[in-house]
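A short worksheet on the structure shown next.
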Amino acid sequence: MELKINDSLENLVTKMGQMTANREYSPLKVTNTQLLNAYDNGWIAKRYIKKTIGDMLKMGREIDWGEIDETRKADFYAANNRFETDGVVKDLLFNVLLYGEAAILAITDAAEETYQTPLSPSETIKQFIVFGKGEFKAVNAEHKFIRPTIYNVKGVKTHISRLCIVQGGIKSYGVKQRESVSDIATALDIIKMFDAITLSVSDLIEECKIDIYKMSGYNEQIVAGNEGEILKRLRLINEAKSYTNAIAMDTEDEYISKENNLTGVAELWAKSCIVVAGALNRPISILFGEGAGGFSSGEEDNRAYYETINELQSTLLRPAYDFIDPFLLGENLEYDFYSIDSLNDKEKAEILNVKSTALGNLLDKGVITEAVILKELKDEGLIKNISADDIAEAELLAKELDEPSNEANPFGTI
């Protein structure tokens, strides 16, 4: 008997904890229609996408024009307006953030039959079109160790040089292409959970106080088909209660008022906000507009968010601009993205004071030049009015001071 008991206990202990091992991640089955419905009918996906796109684009680009003159600059900006590149970029970002990937196709004056050949420098741009996930697909390469260079775009075989494909996830550089999934698709179940909790809390609040009327002969009235009379009676009681805060009823009737306990509901909703914010990699203050709680000032969360936006600008925006700019200008541009990190005047003054002191000490010791100081202050955004000409003049002045004088010494050699 003792042996059997031990065996049973061993089997019981062995089976305990097996539920976790039996759980597995199934393939994500989320359609584009479901994602679009989540955007159209739910505010979380809409706020996430609109806020992200807005912050990525609101500060614009800091372009180093080099030797490009004002005429070409004006032509470049005019071409951007003519081809509506701002709208194209926004549409691209929308598709990437919602579906996981998107592509820009450059429509040129070439015949459609030639789209499967590499883009020619002689072709003229006519339009930029954005395609969402599922509207373009790679055609298998003839050699199994070569990544595909031909894509099927709406039934038209198109060379990769005519496309700018942007993926939201980590891009695959292997032969087998990995499907890109958006953060919205991954967090869709979490978003549904939050919506369900929010609606449940709303229902609880609406029904937190219930009035119960015990009526004599209620069942007989229902059987007799007098539901309308019962509703009329309840309506009359509620109207009298709202006017006089008093209830009149038959001596055989009974009135009870019950109130549901809402303890813990607010905490449950707050915790669900944290889960949603974590799933979408956004601070609560950004996604929900709620300030940081406890001892946190929220500054660390904001810094992390600024870094996230900067990373998205590099991975999503830069490929799009690098693809579009040569069509409009004939060459690539050197540029960087302004930081969305906003400092108030007091913080800027304090930082400028500290930096100026440190840079001045380095200048006195001959470690750096005035040009380096100007570049540093301009890059940090502490002094916005420093131009490229100012930096060039400082570099020229430093070079002249470093060069030995060729004039003869009138006093001779000592």
Item to check | Where a residue in segment 260-280 is free of Cβ contacts under 8 Å to residues at least 12 places away in the same chain and its partner, wherever it lies, is β-branched (Val, Ile, Thr), with Cβ under 6 Å and at least six apart | outcome: ALA277/ILE284
Item to check | Subset tally (residues that are out of contact with any Asp or Glu (no Cβ under 9 Å at 6 or more places or on another chain) and either aliphatic (A, V, I, L, M) or touching a residue at least 12 places away in the same chain (Cβ under 8 Å) (or both)) for segment 54-74 | outcome: 7
Next on the checklist: Is it the case, given these coordinates, that ASP203 is charged (D, E, K, R) and at pLDDT 80 or above?
Outcome noted: no
Item to check | Check on ALA185, small (Gly, Ala, Ser) and either under 30 Å from TRP43 (Cα atoms) or at pLDDT below 90 (or both) | outcome: yes
Checklist entry - Applying the selection to segment 368-396, what residues are at pLDDT 80 or above and not in a helix (DSSP H, G or I)? => result ILE368, THR369, ILE386
Item to check | Options ILE284, ILE247: the member that is among the hydrophobic types (A, V, I, L, M, F, W, C) and either more than 30 Å from TRP43 (Cβ to Cβ) or touching a Leu at 6+ places or on another chain (Cβ under 6 Å) (or both) | outcome: ILE247
Checklist outcome for this item: Residue count, segment 114-140, condition assigned to a helix (DSSP H, G or I) and in contact (Cβ under 8 Å) with a residue 40 or more places away in the chain, comes to 2
Checklist entry - Got at least one residue in segment 304-327 being among the polar types (S, T, N, Q), modelled with pLDDT of 80 or more, buried (at least 17 other Cβ atoms within 10 Å of the Cβ) and over 30 Å from VAL88 (Cα atoms)? => result no
Item to check | Boolean, GLU259 is more than 29 Å from GLY60 (Cβ to Cβ), charged (D, E, K, R), exposed (fewer than 12 other Cβ atoms within 10 Å of the Cβ) and touching a Gly at 6+ places or on another chain (Cβ under 9 Å) | outcome: no
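Quick grid of which residues meet (1) buried (at least 18 other Cβ atoms within 10 Å of the Cβ); (2) within 19 Å of GLY174 (Cβ to Cβ); (3) outside the structural domain of SER180 (by the TED database):
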{"residue": "THR117", "(1), (2), (3)": "no, no, no"}
{"residue": "SER120", "(1), (2), (3)": "no, no, no"}
{"residue": "ILE125", "(1), (2), (3)": "no, no, no"}
{"residue": "GLY132", "(1), (2), (3)": "yes, no, no"}
{"residue": "GLU135", "(1), (2), (3)": "no, no, no"}
{"residue": "ALA138", "(1), (2), (3)": "no, yes, no"}
{"residue": "PRO148", "(1), (2), (3)": "no, yes, no"}
{"residue": "TYR151", "(1), (2), (3)": "yes, yes, no"}
Checklist entry - So is LYS399 within 18 Å of GLU62 (Cβ to Cβ) and either at pLDDT below 80 or loosely packed, with under 10 Cβ neighbours inside 10 Å (or both) or not? => result no
Checklist entry - Do you know which residues across segment 1-33 are farther than 16 Å from GLU101 by Cα and either surrounded by 10 or more Cβ atoms within 10 Å (Cβ to Cβ) or modelled with pLDDT of 95 or more (or both)? => result ASN6, ASP7, SER8, LEU9, GLU10, ASN11
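The values are calculated or read from the model by the stated rules, or taken from the named source; none is laboratory data. Everything numeric in this text was worked out from a predicted model, so none of it was measured. Don't worry about glycine lacking a Cβ; one is built from the backbone with ideal geometry, like all the others, and counts go over all protein chains shown.
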